[in-house]
Amino acid sequence: MARPSFRIAYVSTHDPHDVRAFSGIAHFACEALRESGNAVTVLRPPAVHPALVARACRLTRYALRTWHALRPERFDLVLVMQAAVLGALVPRQVPLVYASDITWRVYEGYYPPVYRRPWQLRLRRALERRAVQRADLLVYSSTWASESAVRDYDVPPERVAVIPYGANLPHPPPPLDPRTRTRAAALQLLFLGVSWERKGGAWALEAVRALNRRGIPARLTLCGCAPPAGTPVPDFVRLVPFLDKRVPADAARLDALLREAHFLLLPTRADATPVAFCEANAYGLPVVTTRTGGIPSVIEDGVNGRMLPLEAGAEDYAEVLARDWEDREAYARFSHRSRQRFEQRLNWSAWAESLHGALAQRFAAQRN
């Protein structure tokens, strides 16, 4: 019996035609849905305007156009990607699937604040509550977020699915032989991120400094951000600016950085679902990071990375890295397991397949 396909209206404030929108998640999620056999219609959002009033007007017009386009004779369901303001307005006659990597209840006090006025915060809270409670199916990228939906919004657990995101790589690399990495004289550590503070840049820098003090030759590549002005940059640190995957030269350089590294080191302070972890695993890189936010749904300690508590210091990170690098045969197995985790779970095809199963379970009976 052929599996059902779905006519999906794809709605988001992030344009899926733009590979950089929402860190690429909007684009790769949409393409994966199409490749899994569904008929996907993108209701393309307007360009973002810098002025608040103009942006609100454009978004309102987009919401109204979306409302009129959504008809049960055209679509089996609407998938709203990370846009509570739109999810809250979806008409009742079309089933709603709301996908996100976070809830506003866990966002507040965890990430840096984004709203300055009390009315904006109240509106944001109300819109998300309406979208979450209205949704026929909620899809979160981590257990951390899904538990908040159940706990903070009184959503029945059977209406929630946890499906991790995939690596935002148009052409994932073929499996790399991890034994080639073990022959390197120095431990190569890669830090990927545009936010020095939130991604834990200071912890990464001090951890590599501690490794060199221990007599373990270690190098750190900082890609996407740099230490604050006035911070001395040691000789063992290489600074690489932000690399745009849409630019062939930048994409090639990022590929080279991931191939030459041994670990992705990201002692992040706050993260919902870091797609960079999936990309690192695609290259066979174990991830050394923090047990916080949605990270435990991506990293399994000892399988595709290590997670340290939030209070861990630079010496703790140095100790973990030294131990995992000292036994090169064990490191090769660690690298192999990381690649396996990407192939089995942390790719967009796996995301689309898992989502299709959740959709079939939730909606197929309604269509017969």
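Run H356 past the list (1) over 21 Å from K199 (Cα atoms); (2) open to solvent by 20 Å² or more (accessible area, probe 1.4 Å) and report the number of the one that doesn't hold.
Unmet for H356, out of (1) over 21 Å from K199 (Cα atoms); (2) open to solvent by 20 Å² or more (accessible area, probe 1.4 Å): (2).
List every residue pair whose Cβ atoms lie under 6 Å apart, where the two residues are 6 or more positions apart in sequence or sit on different chains, the first residue falls within the range 259-274 and is under 13 Å from R306 (Cα atoms) and in contact (Cβ under 8 Å) with a residue 60 or more places away in the chain, and the second residue, located anywhere, is among the small types (G, A, S) and not in a loop (DSSP other than H, G, I, E, B).
L264/A280; L265/A204; P267/A204
Filter the range 271-285 for residues that are out of contact with any Asp or Glu (no Cβ under 7 Å at 6 or more places or on another chain) and either assigned to a loop (DSSP other than H, G, I, E, B) or over 19 Å from A167 (Cα atoms) (or both) and give the result.
D271, P274, Y283, G284, L285
Without any contact (Cβ under 8 Å) to a residue 40 or more places away in the chain, closer than 19 Å to L187 by Cα and part of a helix (DSSP H, G or I), is that true of E319?
Yes.
Has the range 145-162 got at least one residue that is within 18 Å of A270 (Cα to Cα) and β-branched (V, I, T)?
Among the residues of the range 145-162, not one is within 18 Å of A270 (Cα to Cα) and β-branched (V, I, T), which makes the answer no.
Which residues, taken from the range 146-171, are touching a Pro at 6+ places or on another chain (Cβ under 8 Å) and more than 20 Å from I295 (Cβ to Cβ)?
Passing the criteria: none in range.
Any residue that is surrounded by 14 or more Cβ atoms within 10 Å (Cβ to Cβ), at pLDDT below 95 and assigned to a loop (DSSP other than H, G, I, E, B) - is there at least one of those in the range 244-266?
Looking through the range 244-266, at least one residue is surrounded by 14 or more Cβ atoms within 10 Å (Cβ to Cβ), at pLDDT below 95 and assigned to a loop (DSSP other than H, G, I, E, B).
Counting only residues that are open to solvent by 70 Å² or more (accessible area, probe 1.4 Å) and assigned to a helix (DSSP H, G or I), how many does the range 322-339 have?
Kept after step one, since they are open to solvent by 70 Å² or more (accessible area, probe 1.4 Å), are these residues of the range 322-339: 323, 326-329, 333, 336-337.
From the residues that got through so far, the ones that are assigned to a helix (DSSP H, G or I) too are 323, 326, 328-329, 333, 336-337.
Matching residues across the range 322-339 total 7.
Every residue in the range 246-266 that is under 16 Å from R20 (Cα atoms) and in contact with a Lys or Arg (Cβ under 6 Å, 6 or more places away or on another chain), please.
Answer for the range 246-266, where residues must be under 16 Å from R20 (Cα atoms) and in contact with a Lys or Arg (Cβ under 6 Å, 6 or more places away or on another chain): just A251.
So which residues in the range 260-312 are closer than 21 Å to R323 by Cα, within 16 Å of the chain's Cα centre (by Cα) and basic (K, R)?
Of everything in the range 260-312, just one residue is closer than 21 Å to R323 by Cα, within 16 Å of the chain's Cα centre (by Cα) and basic (K, R), namely R291.
Which residues, counting only those in the range 290-315, are touching a residue at least 40 places away in the same chain (Cβ under 8 Å), open to solvent by 20 Å² or more (accessible area, probe 1.4 Å) and closer than 22 Å to A202 by Cβ?
Selection gives L310, G313, A314, E315.
Search the range 93-111 for residues being of a type in the set (V, I, T) and not in a loop (DSSP other than H, G, I, E, B), and hand back the single one that is surrounded by the most Cβ atoms within 10 Å (Cβ to Cβ).
Selected residue: V97.
Just to verify a result, which residue in the range 178-237, among those that are of a type in the set (A, V, I, L, M, F, W, C) and in contact with a His (Cβ under 8 Å, 6 or more places away or on another chain), is most open to solvent (accessible area, probe 1.4 Å)? Give the derivation first.
Within the range 178-237, the subset of a type in the set (A, V, I, L, M, F, W, C) is 184-187, 189-192, 194, 196, 202-205, 207-208, 210-211, 216, 218, 220, 222-223, 225-226, 229, 233, 236-237.
Checking which are in contact with a His (Cβ under 8 Å, 6 or more places away or on another chain) leaves us with 184, 187, 189.
Numbers: A184: 34, L187: 0, L189: 3 Å².
The qualifying residue most open to solvent (accessible area, probe 1.4 Å) is A184.
Please find, among V114, V90, the residue that is at pLDDT below 85, farther than 27 Å from S354 by Cβ, part of a loop (DSSP other than H, G, I, E, B) and among the hydrophobic types (A, V, I, L, M, F, W, C).
V114
Condition test on L285, is it touching a His at 6+ places or on another chain (Cβ under 9 Å) and either of a type outside the set (D, E, K, R) or buried (at least 22 other Cβ atoms within 10 Å of the Cβ) (or both)?
Spelling it out, L285 is indeed touching a His at 6+ places or on another chain (Cβ under 9 Å) and either of a type outside the set (D, E, K, R) or buried (at least 22 other Cβ atoms within 10 Å of the Cβ) (or both).
Does A2 fit the bill of being out of contact with any Asp or Glu (no Cβ under 9 Å at 6 or more places or on another chain), surrounded by 14 or more Cβ atoms within 10 Å (Cβ to Cβ) and either at pLDDT 90 or above or assigned to a loop (DSSP other than H, G, I, E, B) (or both)? If you could, list the steps in order and put the result at the bottom.
Details: out of contact with any Asp or Glu (no Cβ under 9 Å at 6 or more places or on another chain): yes; surrounded by 14 or more Cβ atoms within 10 Å (Cβ to Cβ): no; either at pLDDT 90 or above or assigned to a loop (DSSP other than H, G, I, E, B) (or both): yes.
When the stated conditions are applied, A2 does not pass them.
Consider the range 136-162. How many of its residues are among the β-branched types (V, I, T) and open to solvent by 10 Å² or more (accessible area, probe 1.4 Å)?
Looking only at the range 136-162, we keep the residues that are among the β-branched types (V, I, T), and these are 139, 143, 150, 155, 160, 162.
Filter once more, so that each one left must be open to solvent by 10 Å² or more (accessible area, probe 1.4 Å): 143, 150, 160, 162.
Selection size over the range 136-162: 4.
Just the residues that are at pLDDT below 75, surrounded by 15 or more Cβ atoms within 10 Å (Cβ to Cβ) and of a type in the set (A, V, I, L, M), please, taken from the range 27-82.
L59, A63, A69
Kindly check whether there is at least one residue in the range 297-308 that is closer than 22 Å to G109 by Cα, modelled with pLDDT of 95 or more and assigned to a helix (DSSP H, G or I).
yes
The values are calculated or read from the model by the stated rules, or taken from the named source; none is laboratory data. Here the structure is a predicted model, which means the values were calculated and not measured. Cβ atoms come from the backbone with ideal geometry, glycine included; neighbour counts cover every protein chain shown. We work out accessible area using only protein heavy atoms, side chains counted, and drop any ligands, DNA or RNA first. Shrake-Rupley method; radii C 1.70, N 1.55, O 1.52, S 1.80 Å.
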